[in-house]
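Okay, structure first, notes after.
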Amino acid sequence: MTPVAGAYELVPVIPEGLFWHAVDFEPLPGSDDEGLIMTQEGMFYRARADGQGEVTVFADLTAKVRPDFGTEEGFLGLAFSPDFETDGAVYIYYTPTGPRRTQLSRFRFVNGALDPASEEVLLEIAQFAENHNGGQLAFGPDGYLYIGVGDGGGAGDPQDNGQSLGTLLGKILRIDVSG
């Protein structure tokens, strides 16, 4: 399908060359015009969707995140709590430094930014390869957090994780994060 001339306008949101490996954009709850831009290496930037104003650092998790730009490791997903404006909770799924695994953590928003020291690890899943980690996070209408977990790696799901009930790999998980 060919785009229709004049049907849309491209507006640069990020100054050219500010960072590399952008992987996600999420609207900031409670704001009509701001969102977060996340990078594979664990940098989170706050920016206006109209491209106006200054781009600022929302969080720097690069000391916690293990990115590998030749694979699919690093920052994988983010979801704001449905009650973010009152509880300040942010859920992040990523590959941490250390043994190969994926991790779901809850962080808190403090004084206008994400506080890396507030991390609570909620779930860790051992991974056997550097790809197929998944990472989509979203809260459902039932209040549960849904996580798309990859099959663990290798072409064609060689360990049949997507077909096995004996592993969390290759699943959509539904988690009650309320405690």
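Number of residues in segment 71-88 that are in contact (Cβ under 8 Å) with a residue 40 or more places away in the chain and outside any strand (DSSP E or B) equals 7.
Of everything in segment 28-70 that is among the β-branched types (Val, Ile, Thr) and not in a loop (DSSP other than H, G, I, E, B), the residue that is nearest to Asn133 (Cα to Cα) is Val65. Close contacts from segment 126-154, counting a first residue that is small (Gly, Ala, Ser) and a second that is surrounded by fewer than 20 Cβ atoms within 10 Å (Cβ to Cβ) and not in a loop (DSSP other than H, G, I, E, B), with Cβ to Cβ under 8 Å and a gap of 6+ residues or different chains, come to Ala126/Arg101; Gly134/Gly148; Gly135/Gly148; Ala138/Tyr146; Gly140/Tyr146; Gly140/Arg174; Gly148/Gln136; Gly148/Ile172.
From the set of residues in segment 100-116 that are in contact with a Lys or Arg (Cβ under 9 Å, 6 or more places away or on another chain) and assigned to a loop (DSSP other than H, G, I, E, B), which is farthest from Ser31 (Cα to Cα)? Restricting to residues being in contact with a Lys or Arg (Cβ under 9 Å, 6 or more places away or on another chain) and assigned to a loop (DSSP other than H, G, I, E, B), the top hit is Arg100.
Note on segment 88-108: residues that are open to solvent by 60 Å² or more (accessible area, probe 1.4 Å) and either in contact with a helix residue (DSSP H, G or I) (Cβ under 6 Å, 6 or more places away or on another chain) or under 23 Å from Gly35 (Cα atoms) (or both) total 1. Scanning segment 22-42 for residues that are in contact (Cβ under 8 Å) with a residue 24 or more places away in the chain, open to solvent by 30 Å² or more (accessible area, probe 1.4 Å) and aliphatic (A, V, I, L, M) yields a total of 1.
The values are calculated or read from the model by the stated rules, or taken from the named source; none is laboratory data. None of the values given here were measured: they were computed from a predicted structure. Note that we place each Cβ from the backbone using ideal geometry, even for glycine, and neighbour counts take in every protein chain shown. For accessibility, only protein heavy atoms count, side chains too; no ligands or nucleic acids. Shrake-Rupley method; radii C 1.70, N 1.55, O 1.52, S 1.80 Å.
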